[in-house]
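Read through the structure below, which is laid out as structure tokens, and then see the notes.
The values are calculated or read from the model by the stated rules, or taken from the named source; none is laboratory data. Computed from a prediction, not measured in an experiment: that's the story for all the values here. FYI the Cβ positions are ideal-geometry reconstructions off the backbone, even for glycines, and counts take in every protein chain you see.
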């Protein structure tokens, strides 16, 4: 089954922020990083479980999974026929606080 990809507006903004940051030193690398991130996201349509379960990593019940793209982590959930990409964050950042504070504010 091929899944449909949904990308949250925050994730799109994250990619733009990443590209802007990298472009300060290397515009070509910024374009390349954006392409790598979107390519990995596209692969999720065929292989949605290729990412790691965040819950298994942090010993907390959550549906989030993540992919590693260099220094960045793509956070997503498999939701029925969709793979929903929520955020793309630097792995050195306190991504758990970002993810779960947003999740609690949505409820």
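Details
- A single member of 11, 45 is in a helix (DSSP H, G or I) and either in contact (Cβ under 8 Å) with a residue 12 or more places away in the chain or touching a strand residue (DSSP E or B) at 6+ places or on another chain (Cβ under 8 Å) (or both), and it is 11.
- Those residues of the stretch 72-107 which are in a loop (DSSP other than H, G, I, E, B) and modelled with pLDDT of 95 or more, in sequence order: 80, 81
- Considering residues of the stretch 48-71 that are crowded, with 18+ Cβ neighbours inside 10 Å and assigned to a helix (DSSP H, G or I) only, the residue modelled with the highest pLDDT: 48
- Residue in the stretch 23-41 that is touching a strand residue (DSSP E or B) at 6+ places or on another chain (Cβ under 9 Å) and assigned to a loop (DSSP other than H, G, I, E, B) present: no
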